[in-house]
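These notes concern the structure reproduced below.
Rule-based calculations on the coordinates, nothing more; no lab input. These figures come from a predicted structure and were not determined experimentally. We place every Cβ from the backbone using ideal geometry, glycine too, and count neighbours over all the protein chains shown.
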Amino acid sequence: MTEKLTGLYETILTELGENPQREGLMDTPKRAAKAMQYLTKGYHETLETVTNGAVFGSETDEMVIIKDIELYSLCEHHILPFIGKCHIAYLPSGKVLGLSKFARIVDMYARRLQIQENLTKQIADAVMEVTQARGVAVTIEARHMCMMMRGVEKQNSVMKSSVMLGAFRESQATRMEYLQLISN
Ligand SMILES: [Zn+2]
């Protein structure tokens, strides 16, 4: 797979008017192929492999919130990065998930070609599936290179997307508590 991608990147460089044989570009097709494979490795992961049994019984029913999880993804329209942070909250009902696993879930879906809205929903559904919580909330704030570097060239716009499930959708008080917690 790396070999085939390497050949394709060489073609891309040529088509862009570059000389893939010049010194600075000698290894670029191979490096680019490997980088792109890394940035899309989420296609080869599943919820089972990334959570790896790290679900624990717990009596707590208070809101758990994981703030500012770094997020790096690629937009599926331009294959350009969008970068930001993700906040996840859930209301446990008998089960909690190991802290590092939230970041792993975010990465599993972010390391694919995405649109931010779908990414937000996939993370929320995954956390719900794994924890069977009373509610799950996910918010992503991200800057999109396809907006900043090309097109409308708006450097300071941030896209914010949220998905609320269960109690976060049904109870305004719960939703307000969440929004307050992530805003400071
Ligand atoms: Zn885009």
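Out of L74, L91, L99, any idea which swings most in a Gaussian network model of the chain, alpha carbons joined below 10 Å?
Looking only at L74, L91, L99, the largest GNM fluctuation is found for L99.
Ranked highest first by the average count of other Cβ atoms within 10 Å around their residues, in what order do 124-130, 34-40, 154-160 fall? Write out the running numbers ahead of the final one.
Values: 124-130: 20.3, 34-40: 14.1, 154-160: 10.3.
Most protected by this proxy first, the peptides run 124-130, 34-40, 154-160.
Label points 7 Å out from Cα along the Cβ direction at M36 and T11: separation in nm?
With each label placed 7 Å out from Cα toward Cβ, I get 1.0 nm.
Dividing the alpha-carbon radius of gyration of the chain by 2.2 N^0.38 Å (N being the number of residues), what value is obtained?
Against the empirical 2.2 N^0.38 Å value, I get 1.22 for the chain.
If Rh is defined by the Kirkwood formula over all Cα pairs and Rg also comes from Cα, what ratio Rg/Rh do you get for segment 1-51?
The Rg/Rh ratio comes out at 1.17.
At 0.36 nm per residue, minus the direct Cα-Cα distance, what do T2 and E76 gain on full extension? Give it in nm, one decimal, please.
Result: 24.6 nm gained on full extension.
Can you give me the long-range amide H partners of G166? Hydrogens built in the peptide plane at 1.01 Å from N, cutoff under 5 Å, separation of 5 or more residues or another chain.
For G166, the qualifying residues are V136.
What FRET efficiency would be calculated for the residue pair A173, R143, taking the C-beta separation as r and a Förster radius of 41 Å, to the nearest 0.05?
0.85
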